Amino acid sequence: MFPRRARFIGNRPRTQLIAGGRRLALSSCLLCELPTQGRIHLYPRNASGVESQPYATKTSMQDLNITRPPSAYAALLADTRALGFDMASEVAVGALLRTLAASKPTARCLELGTGTGLASAWLLDGLGLHGSLVTVDNDDRLLAVARRHLGGDPRLDIRRQDGDIFLREAVGRADRFDLIFADTWSGKYRLLDETLSLLAPGGLYVIDDMLPQANWPEGHGAKVETLMAKLAQRTELRLCSLDWSCGVVLAARV
């Protein structure tokens, strides 16, 4: 039951809501302001403009991303900071990768851009005992951290190799992966077609850092737009773009 004091606002193409002195505009819905409870209910609108049952509630959400982080995470993070490496994946992205890997416990996964192994730790934490992860980077200084903290995991294959060379060789072998996380230029801004050809049916392709970053070089925003346009043209992919964390695109091959 919703309070009778709820106030419905607007019945226009762009509905406005006044809450806490602020006016918010949203489209294609009716909004219910509940000032006594400090939350907002969104109501879908039918063809006549009449509200139906609420389909979402906007309120604060508990952050579960860092719940039970991988066992090696704290040590990896400390060594990453000691190196001054500032291009590691965000915690939210790691939590997403772990969840996706857990949905495919026997998956064969590929990570392009190991870095210090922070994202690798999240992936391994989601995989089952019979899953595997190949991770590729060409920076010995960073890979040393990953090997120190993760190298004892038999599911992990750390490759010190140029990403472009790895991808071309993998295509030549007709390799297939159930999850690919492309966190470097290779497999993302270079050799995209080759990378997507490595996806098994039902496989997932994940990229991050699609929202503007302080460390982007000049002109990188145009490359991001081009990449998004290329992905949108791929008819074998089902895409989901997440305007969240650092910006994530999730694609599944059908």
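Read the figures in this text as sums done on the coordinates, not as results from a lab. Quantities reported herein were computed from a predicted structural model and do not represent experimental measurements.
Length available on full extension from Glu90 to Ile66: 0.36 nm per residue minus the Cα-Cα distance, which gives 7.6 nm. The phi torsions of the stretch 109-122, fed into the Karplus equation with coefficients 6.51, -1.76 and 1.60 and a -60° offset, translate into couplings of 10, 10, 10, 9, x, 5, x, 8, x, 5, 5, 4, 4, 5 Hz, rounded to whole numbers, with Gly and Pro shown as x. When Rg and the Kirkwood Rh are both derived from Cα coordinates, the Rg/Rh ratio for the stretch 73-253 amounts to 0.93.
Once backbone amide H atoms are built at 1.01 Å from N, Glu111 has Val134, Thr135, Val136, Phe181 as its partners under 5 Å, excluding neighbours fewer than 5 places away on the same chain.
Cross-link reach is defined here as a Cα-Cα straight distance under 16 Å, omitting same-chain residues fewer than 8 places apart; for Lys188 the aspartates and glutamates meeting it are Glu111, Asp137, Asp162, Asp164, Asp208, Asp209, Glu225.
If the segment from Arg148 to Ala214 were pulled out straight at 0.36 nm per residue, it would be longer than the present Cα-Cα gap by 20.8 nm. Over what distance in Å are the Cα centres of the stretch 190-223 and the stretch 170-186 separated? Using only Cα atoms, the two centres lie 12 Å from each other. In order along the stretch 237-244, the phi-based Karplus estimate (6.51 cos²θ - 1.76 cosθ + 1.60, θ = phi - 60°) of 3J(HN,Hα) comes to 10, 10, 10, 9, 9, 10, 7, 7 Hz; Gly and Pro are listed as x.
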